[in-house]
Amino acid sequence: MLRLCRLRFCYSAIAGLLNTKDEQTFKLMNILFLCTGNSCRSILGEATFNHLAPTGWLALSAGSKPAGYVHPRSIALLEREGISTAGYHSKSWENLPVTPDIVITVCSNAAGETCPAFLGPVLRTHWGVDDPAHATGSEEEIDAAFMKAYNILRTRIEAFLALPLEELKNDRDRMKIELDRIGTLLPAVSLQN
């Protein structure tokens with residue numbers, strides 16, 4: 001599957017694919033998965049969203065205090081799921097190449113933080129997920145914690161992408177209600193041991 005181009009070249013590339021000279025004709029929707037470290041959950045959200053998203057929707061991720069690396073178990077899990085890991089890295093919310101339309105916080109620490117002023121009037125929601133980077137126990141138990149986080153995020157992303165997105169792009173109130181509802185969803189089948 002042709003993956004949407006990354007970040008700063010998105011608008012021009014998509015406009016070119018649509019054979020239009022006016023980039024504003026096609027409005028790309030940017031979703032930011034925000035966490036503190038940007039090494040696990042927000043990366044899982046970004047990669048999974050971009051893997052599943054329709055044309056015109058792009059996820060990115062960032063952290064308020066980026067770890068500087070992507071957790072190796074996050075990379076391994078995404079690869080096992082057949083999701084590209086190319087280009088993903090831990091980055092700060094202060095260096096975003098585009099302004100997001102929607103900010104989804106995925107950890108408790110990030111939910112209480114104030115978004116940088118330059119983000120402006122973005123739609124915000126919280127999809128809290130336990131941090132698998134803090135999991136302890138056997139290798140299998142730690143891998144299960146990463147899989148649990150991934151399954152929760154994937155369930156929520158799939159529910160989001162099943163919404164009538166073209167309608168909701170222009171209805172912020174309804175979009176906010178749906179995003180908050182989705183933030184409470186859990187996978188139907190638990191993959192815990």
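Checking Ser92, Ser61, Ser74 one by one, the residue that is within 18 Å of Arg156 (Cα to Cα), in contact with a Gly (Cβ under 7 Å, 6 or more places away or on another chain) and of a type in the set (Gly, Ala, Ser) is Ser61 and no other.
Take the residues in region 166-186 that are part of a helix (DSSP H, G or I) and in contact with a helix residue (DSSP H, G or I) (Cβ under 9 Å, 6 or more places away or on another chain), then tell me which one is nearest to Asp131 (Cα to Cα).
Narrowing region 166-186 to residues part of a helix (DSSP H, G or I): 166-168, 172-182.
This time we only want the ones that are in contact with a helix residue (DSSP H, G or I) (Cβ under 9 Å, 6 or more places away or on another chain), so: 167-168, 174-175, 178-179, 181-182.
Working: Glu167: 33, Leu168: 30, Arg174: 29, Met175: 26, Glu178: 24, Leu179: 21, Arg181: 21, Ile182: 19 Å.
Among those that are part of a helix (DSSP H, G or I) and in contact with a helix residue (DSSP H, G or I) (Cβ under 9 Å, 6 or more places away or on another chain), it is Ile182.
When the residues of region 140-187 are filtered to those that are of a type in the set (Gly, Ala, Ser) and touching a residue at least 12 places away in the same chain (Cβ under 8 Å), which remaining residue is surrounded by the most Cβ atoms within 10 Å (Cβ to Cβ)? Looking at the filtered set, the residue picked out is Ala149. Quick one: in region 1-58, of everything that is of a type in the set (S, T, N, Q) and at positive phi, which residue is modelled with the lowest pLDDT? Only one residue tops the list, namely Asn19. Checking each residue in region 49-77 for being among the aliphatic types (A, V, I, L, M) and under 10 Å from the mean Cα position of the chain (by Cα) picks out Leu58, Ala59, Leu60, Ala62. Residues that are within 17 Å of Phe49 (Cα to Cα) and either assigned to a loop (DSSP other than H, G, I, E, B) or at pLDDT below 95 (or both) within region 124-151 comprise Arg124, Thr125, His126, Trp127, Gly128, Val129, listed in sequence order.
The values are calculated or read from the model by the stated rules, or taken from the named source; none is laboratory data. Small disclaimer: the values here were computed from a predicted structure and weren't measured. When we count neighbours, we look across all protein chains shown, and the Cβ atoms used for this are built from the backbone with ideal geometry, even at glycine.
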